[in-house]
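For reference, the structure discussed in these notes is given below.
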Amino acid sequence: MLSPFQRLKKLIKRHLSGKYIVGHDLKNDFNAVKFTPHPLLVKDTSKCLALRHIAGLPEQQKPSLRTLTGQVFGKVIQTSSHCSIEDARAALMLYKKVEDNWDNKTNPFLNDSYWIDVKR
């Protein structure tokens with residue numbers, strides 16, 4: 001018989017494997033449930049340089065979800081107790097703001113200009 005944690009891991013793997021996952025600073029969440037999604041399927045707003053630029057924040061400093069949402073949308077979140085639903089909505093709003101340019105701005109190595117054209 002599986003423990004509750006093992007059942008949770010199995011459920012997460014079944015529902016999230018192969019799907020895009022949008023959130024903010026997801027590393028700890030993935031570590032907690034021992035889940036490793038494919039990196040290209042993870043849309044982590046804490047790592048998006050385009051959002052930091054829009055917010056007027058330094059590229060080398062990882063912003064909190066509260067700060068990023070406040071700077072980009074002028075919206076205050078997380079005013080009282082922690083709410084996972086509010087966090088998920090804020091991360092999705094941030095992602096949608098830069099969705100069209102996500103891969104080129106977040107991971108510049110996906111941009112063709114970073115690859116050398118090798119003639120055979």
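Given (1) closer than 15 Å to D103 by Cα; (2) open to solvent by 50 Å² or more (accessible area, probe 1.4 Å); (3) modelled with pLDDT under 95, identify the lone condition not met by R52.
(2)
Within region 1-50, how many residues are touching a residue at least 24 places away in the same chain (Cβ under 8 Å) and among the small types (G, A, S)?
The number of residues fulfilling the criteria is 2.
Among the residues in region 98-107, are any modelled with pLDDT of 95 or more and hydrophobic (A, V, I, L, M, F, W, C)?
Within region 98-107, not a single residue is modelled with pLDDT of 95 or more and hydrophobic (A, V, I, L, M, F, W, C).
Under 8 Å between Cβ atoms, at least 6 apart or on separate chains: pull out the pairs that start in region 87-98 with a residue that is within 10 Å of K43 (Cα to Cα) and end on any residue that is in a helix (DSSP H, G or I) and of a type in the set (V, I, T).
Close Cβ pairs satisfying both conditions: A91/T45; Y95/T45.
Considering every residue within region 23-32, establish whether at least one is aliphatic (A, V, I, L, M) and within 17 Å of the chain's Cα centre (by Cα). Break it down into steps so the answer makes sense when it comes.
So in region 23-32, the residues aliphatic (A, V, I, L, M) come out as 26, 32.
From the residues that got through so far, the ones that are within 17 Å of the chain's Cα centre (by Cα) too are 26, 32.
Yes, there is a match, as at least one residue in region 23-32 is aliphatic (A, V, I, L, M) and within 17 Å of the chain's Cα centre (by Cα).
The values are calculated or read from the model by the stated rules, or taken from the named source; none is laboratory data. Please read these numbers as outputs of a predicted model, since none were measured by experiment. Note that we place each Cβ from the backbone using ideal geometry, even for glycine, and neighbour counts take in every protein chain shown. All accessible areas refer to the heavy atoms of the entire protein, side chains included, with ligands and DNA or RNA removed. Shrake-Rupley method; radii C 1.70, N 1.55, O 1.52, S 1.80 Å.
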